[in-house]
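The values are calculated or read from the model by the stated rules, or taken from the named source; none is laboratory data. All of these numbers come straight from a predicted model, not from anything done at the bench. FYI the Cβ positions are ideal-geometry reconstructions off the backbone, even for glycines, and counts take in every protein chain you see. When the accessible area is computed, the model is the full protein with side chains, heavy atoms only, and any ligands, DNA or RNA have been set aside. Shrake-Rupley method; radii C 1.70, N 1.55, O 1.52, S 1.80 Å.
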Amino acid sequence: MSSEVHDCIVIGAGIQGSCTAYHLAKNKQKTLLLEQFVLPHSRGSSHGQTRIIRKAYEEDFYAQMMQESYELWAQLEKEAGVELYRCTGLLVMGPENAESFSCLKATMQRHKIPTVVLEKQEFSQHIPNVNLTDGNGALMDTLAGVLYADRALRAVQRLFQSSGGVIKDGEKVIDITPGAVVTVTTGSGVYRGRNLVITAGPWANTLLTHTGLQLPLKVVKINVCYWKEKIPGTYSVGQRFPCFIQMEPKEGEYDIYGLPSNEYPGLMKVCYHMGSETEPDERDKQTDRGDIDILMRYVTRCLPGLVPVPAVVESCMYTVTPDHHFVLDSHPTYGNIIIGAGFSGHGFKFGPIIGKVLSQLAMGQVPSHDLSPFRIKRFQSHARSSL
Ligand SMILES: Cc1cc2nc3c(=O)[nH]c(=O)nc-3n(C[C@H](O)[C@H](O)[C@H](O)COP(=O)(O)OP(=O)(O)OC[C@H]3O[C@@H](n4cnc5c(N)ncnc54)[C@H](O)[C@@H]3O)c2cc1C
Ligand SMILES: O=C(O)[C@@H]1CCCCN1
């Protein structure tokens, strides 16, 4: 074991760990970022070319955090000298009389998020080639768009390194010994840090076992489906087609969402916001296609310009909490272990702000956002959390 003690060790080089490490290094913290796979990889949750960025949220705390996240993404773009965000707008469709749809509208209004409400009569004129479901309303979050995910991850990791940070990839953490100085053992080394951040995505509970904590997290495999345009370009980013979310507020059903064709010419990404449970290392053994059946019916009904059979299916994982809100907190027993987990399929857009608040927790500072919705304590009654 080297006698070197890092200010902070971060486990997991997905978007959350990479952004946290970047903020730590910017704050002159001697930081080591450990990643089990050789980078870049496609075995976690942060790979793929695109993600949605939006301020349209029902909850005030997300809308608020996104105000700053947009600013931080813009700073990153500038610092890295690459385009990470493309404004396309986000079309949200949902049952007009559902509480979630009106709550979304009200939150957007309260936070002065630029919004256009689309009346039914004008819908098809503004959004051709989409059939609005009967009883649904529609609105547009005009500053929403696409984040270039793979590119963003690379950019943040590069900026971390150029700020003096060290990445060791292909090093799986196999043991953690908590203490005033935390000892972290990988397959090829032993490292010590005054603070530890665990941002291990679907593997969060595997790592937390070493600290005597388990969170109520469910890992699901998402079939990432791309659908062929009957006429190339119909739903393309070039034709200013927006991202969309079809809200499904009924119990047991989940939203459907899409991004304009862009990364694969002629193919539009349309996915279901839930999947079947899996062990993170056994992702490819999970072959349930129930989500694809739901999508095929939706595409047939609402996106008539697409061939209703997926042309490409890729895999990704969500790590879902019971309330679909994140975990951003210190370990209940070891104050120098910080946890970022359970991003529940919507965490990418928050990467820079999550990195900032996790780095603040790791530096012993008061976080600049209220983290009470994200505390571990809220799971106290839950069977799988052992506190
Ligand atoms: C299909 C899909 C669509 C999505 N769409 C959106 C969207 O439109 N907008 C949005 O904002 N978000 C979206 N998300 C969610 C977003 O991508 C995730 O919330 C985010 O990527 C989670 O990042 P993470 O860093 O927590 O996890 P990960 O990216 O999984 O990173 C964790 C890392 O930890 C490493 N690790 C684990 N265990 C160890 C170990 N023992 N030793 C060393 N390293 C370890 C893993 O290898 C991995 O690289 C989507 C997710 C998916 C799957
Ligand atoms: O985070 C998002 O914006 C999207 C919304 C739809 C589901 C997947 N995630």
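Answer with yes or no whether residue 167 is open to solvent by 30 Å² or more (accessible area, probe 1.4 Å), modelled with pLDDT of 95 or more and within 16 Å of ligand 1 (Cβ to nearest atom).
So residue 167 fits the description; yes.
Name the pairs whose Cβ atoms lie under 7 Å apart, with the first residue in the range 329-348 and closer than 13 Å to residue 375 by Cβ, the second within 9 Å of ligand 2 (Cβ to nearest atom) and open to solvent by 20 Å² or more (accessible area, probe 1.4 Å), and 6 or more positions between them or separate chains?
From the range 329-348, no pairs qualify.
Return the pair list, or none, for Cβ contacts closer than 6 Å from residues in the range 48-61 that are of a type in the set (S, T, N, Q) to residues that are within 8 Å of ligand 1 (Cβ to nearest atom) and assigned to a strand (DSSP E or B), at least 6 apart or on different chains.
Here the result reads 50/259, each pair linking the range 48-61 to a residue that is within 8 Å of ligand 1 (Cβ to nearest atom) and assigned to a strand (DSSP E or B).
Scan the range 242-260 and report the pairs whose first residue is more than 14 Å from residue 302 (Cβ to Cβ) and open to solvent by 50 Å² or more (accessible area, probe 1.4 Å) and whose second residue is hydroxyl-bearing (Ser, Thr, Tyr) and within 12 Å of ligand 1 (Cβ to nearest atom), with Cβ atoms within less than 8 Å and a gap of 6+ or a chain change.
254/272
Taking the condition of being near ligand 1 (Cβ under 7 Å from one of its atoms) and open to solvent by 60 Å² or more (accessible area, probe 1.4 Å), how many residues in the range 35-58 meet it?
1
Within the range 96-188, considering only helices (runs of 4 or more DSSP H) that don't extend past its boundaries, which have at least 2 residues that are closer than 30 Å to residue 302 by Cα, in contact (Cβ under 8 Å) with a residue 40 or more places away in the chain and not polar (S, T, N, Q)?
99-110, 149-162
Residues of the range 346-381 being buried (at least 22 other Cβ atoms within 10 Å of the Cβ) and not in a helix (DSSP H, G or I), which ones?
347
Checking residue 212 against (1) within 15 Å of ligand 1 (Cβ to nearest atom); (2) closer than 29 Å to residue 36 by Cβ: exactly one of these is not met. Which one?
(1)
Could you please find all residues in the range 45-71 being of a type in the set (A, V, I, L, M) and within 12 Å of ligand 2 (Cβ to nearest atom)?
Matches in the range 45-71: 52, 53, 56, 66.
Could you list, in sequence order, the residues of the range 100-135 that are over 23 Å from residue 86 (Cα atoms), touching a Gly at 6+ places or on another chain (Cβ under 7 Å) and open to solvent by 10 Å² or more (accessible area, probe 1.4 Å)?
Within the range 100-135, just 100 meets the criteria.
Between residues in the range 26-37 that are under 11 Å from residue 8 (Cα atoms) and in a loop (DSSP other than H, G, I, E, B) and residues that are more than 16 Å from ligand 2 (Cβ to nearest atom) and open to solvent by 10 Å² or more (accessible area, probe 1.4 Å), which pairs lie under 7 Å by C-beta distance while being six or more apart or on different chains?
What qualifies is 29/7; 29/363; 30/6; 30/7.
Could you tell me which numbered condition residue 311 fails, if it satisfies all but one of (1) touching a helix residue (DSSP H, G or I) at 6+ places or on another chain (Cβ under 9 Å); (2) over 29 Å from residue 363 (Cβ atoms); (3) more than 14 Å from ligand 2 (Cβ to nearest atom); (4) not charged (D, E, K, R)?
For residue 311, the failing item is (1).
Residue 159 - would you say it is open to solvent by less than 30 Å² (accessible area, probe 1.4 Å) and either within 16 Å of ligand 2 (Cβ to nearest atom) or under 27 Å from residue 360 (Cβ atoms) (or both)?
Considered against the rule, which asks whether it is open to solvent by less than 30 Å² (accessible area, probe 1.4 Å) and either within 16 Å of ligand 2 (Cβ to nearest atom) or under 27 Å from residue 360 (Cβ atoms) (or both), residue 159 comes out as yes.
Which one is nearest to ligand 1 (Cβ to nearest atom) among residues in the range 272-322 that are part of a strand (DSSP E or B) and over 29 Å from residue 207 (Cα atoms)?
The qualifying residue nearest to ligand 1 (Cβ to nearest atom) is 313.
Quick check on my filter: what residues within the range 198-240 are open to solvent by 10 Å² or more (accessible area, probe 1.4 Å), over 21 Å from residue 322 (Cα atoms) and part of a loop (DSSP other than H, G, I, E, B)?
Correct list: 230, 231, 232, 233, 234, 237, 238, 239, 240.
For residue 217, only one of the following conditions fails: (1) more than 16 Å from ligand 2 (Cβ to nearest atom); (2) over 16 Å from the mean Cα position of the chain (by Cα). What is its number?
Only one criterion in (1) more than 16 Å from ligand 2 (Cβ to nearest atom); (2) over 16 Å from the mean Cα position of the chain (by Cα) is unmet by residue 217, namely (2).
All but one of (1) closer than 25 Å to residue 379 by Cα; (2) touching a Phe, Trp or Tyr at 6+ places or on another chain (Cβ under 6 Å) hold for residue 258, so report the exception by its number.
(1)
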